[in-house]
Amino acid sequence: MEEVEGNYFKETAVSNSLSNPKTHVRRLIQQLAQGASEKQEAIALAVLSALSRQSLFMIGPPGVGKSMIARRLKKMYRSSSSFEYLMNRFSTVDEIFGPVSISKLSKEDKFERLTESYLPGASVVFLDEIWKAGPAIQNALLTVLNERVYRNGAQETPIRMQALIAASNEYPAPNQGLEALWDRFLIRYEMLNIQNESAFHEMLQLPETETVIHKELQLDEQRLAQWSEKINQIRLTASVLEFITAVRKLITAHNSQPNAQSQFYVSDRRWKKITELLRTSAFLNNRTEVNLVDCLLCIHCLWDRASQFRQVKKWIFQAISDCALPKQLGFDAVQEQIRRFRGQVQITAMKEQVFQKEQPKLLENEFYLIENPLYPHNRISKDDFEMLSGGTMKCPLYSPSGDSETYYVSRLSETEIEIAKDAKSHRFQLRSSVQNIKKLIPKTISENTRNALNLQAMRIEEHLTACLEELQGLLKKELSKENGHLFIPAEWCSELAAEIEQLIRHLHEDYLTVEKLKKSYGADH
């Protein structure tokens, strides 16, 4: 048995067969990330953006590995070419899209560019300092990014580009007409210098080597076409649509606040592209439908500035754990079922009985009166009395004038306390009265009634069991270290797992509630 380990992924019993997309892509990412300290997540996102035919923007200072990721990404294709360019304010269209063909212009009077060794002819494109490009380049890129076509003279030509990565150490300047181009970059990722000191030392000691991808892992046009066809068949579930609705509502509510420091704008086109990204993620994780774990990828897609990242992440987790996941599991429905079951038990299997019980009388809506005290302070507050338990604790007692003094007080019963001072203790009664207390107690029911109640309980417990199995399956299949999601970092998986475990606790509490109700009418008799 072979075991492959990495900082970001771990896989055991690696199959020789690559018909499994998750196994294939996991191994591919592992090889692309070899020796790239703290860049595994960025590489995984670059692979996902390429396979979903979306674009990736990386922001960060020089020297953090932005261009390295683009160069490595080219290696995952069996037959590919790349185009890399550092933009500046003097960059020309010729340098990006190719020079004008002199022979076409002179002989055929046609304006066409020779694109083969330039962006339109490349499989993987890396454009550094993209915001320094001039308007002509930016306008051409809009069509390239959105439709994957290039208008070469009089004809629109499909381009071969599988992946486009852009980078900069700054955000697009406001009010410069860059909003449309910025919107085209679906995944946005902040690149930083290595943070972990041991990882930094490892990077210093590693020799500079060429990234080698095994030929069996490299993707060819046939496999890409097969995957693309299957990705188009991936379903968006009702819970995923519920999640998107919840996020949109959170964004709208934020934007409507008069004191909102920054506005969030997510176009319809962007949401459409997000769903394409989620479908790709689902397929590559061996599923036929998008699930809510895939939806964590939206964290990379909804911010415009890094300062907004934390807010977006909070919204995404909130939309999953508070809205979409309870909706998917039918939490409201099961709560309603339990409420109705409790009501049915009370109506058919319980009867009301009145008991007489001595209760302390409330004075001035705040105090209980201590009968025949030996001390000048003869009142105890209701709240303090309720807090007293079997032990002795310091507690203030009050006089009619309102001043107080601290004593050691014990609660002996519902109407009796013990007060200690100066090594002496005395028992006192609280002024009380006998009150009628109504209580539900079981009554004898017929076998048919018991069977009907048992049937209701069984349906609720089946629902709860199905919910528990679904949540536990999600933890095992998507959020565990062994089977973890290809593109979600372990930290986020742990955070979502904690939210799911909280829901599991709630389900167990509901299960206990049903069991107590069953016990109250003698379900096992």
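The values are calculated or read from the model by the stated rules, or taken from the named source; none is laboratory data. Remember, it's a predicted structure, so these values are computed and weren't measured experimentally. Ideal geometry is used to build each Cβ from the backbone, glycine not excepted, and the neighbour counts take in all protein chains shown.
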* To do: Mind telling me which of the residues Glu276, Glu229, Glu242 ends up being out of contact with any Ser or Thr (no Cβ under 7 Å at 6 or more places or on another chain) and touching a residue at least 40 places away in the same chain (Cβ under 8 Å)?
  => Glu242
* Single match in Arg427, Arg459 (criterion: farther than 30 Å from Leu278 by Cα, in a strand (DSSP E or B) and either over 17 Å from the mean Cα position of the chain (by Cα) or modelled with pLDDT of 90 or more (or both)) -> Arg427
* Could you give every pair whose Cβ atoms fall below 7 Å, whose first residue belongs to segment 171-190 and is of a type in the set (A, V, I, L, M, F, W, C), and whose second residue is part of a loop (DSSP other than H, G, I, E, B), counting only separations of at least 6 or pairs across chains? -> Leu178/Pro172; Trp182/Pro172; Leu186/Gln54; Leu186/Cys301; Ile187/Gln54; Ile187/Cys301
* To do: Please work out which one of (1) without any contact (Cβ under 8 Å) to a residue 24 or more places away in the chain; (2) over 21 Å from Thr143 (Cβ atoms); (3) surrounded by 14 or more Cβ atoms within 10 Å (Cβ to Cβ) is the condition Val100 fails and give its number.
  => (2)
* To do: Can you give me the ranges of the helices (runs of 4 or more DSSP H) entirely in segment 220-303 with at least 2 residues that are touching a Cys at 6+ places or on another chain (Cβ under 9 Å), at pLDDT 95 or above and buried (at least 19 other Cβ atoms within 10 Å of the Cβ)?
  => 238-255, 268-284
* **segment 155-187, residues that are outside any helix (DSSP H, G or I) and either of a type in the set (Asp, Glu) or in contact with a Cys (Cβ under 7 Å, 6 or more places away or on another chain) (or both)** => Glu156, Glu170, Leu186, Ile187
* Structure fact -> Across segment 128-154, the tally of residues that are in contact (Cβ under 8 Å) with a residue 12 or more places away in the chain, assigned to a strand (DSSP E or B) and not hydroxyl-bearing (Ser, Thr, Tyr) stands at 2
* Output the residue which, of all residues in segment 386-420 that are buried (at least 16 other Cβ atoms within 10 Å of the Cβ) and in contact (Cβ under 8 Å) with a residue 40 or more places away in the chain, is farthest from Phe355 (Cα to Cα). => Ile419
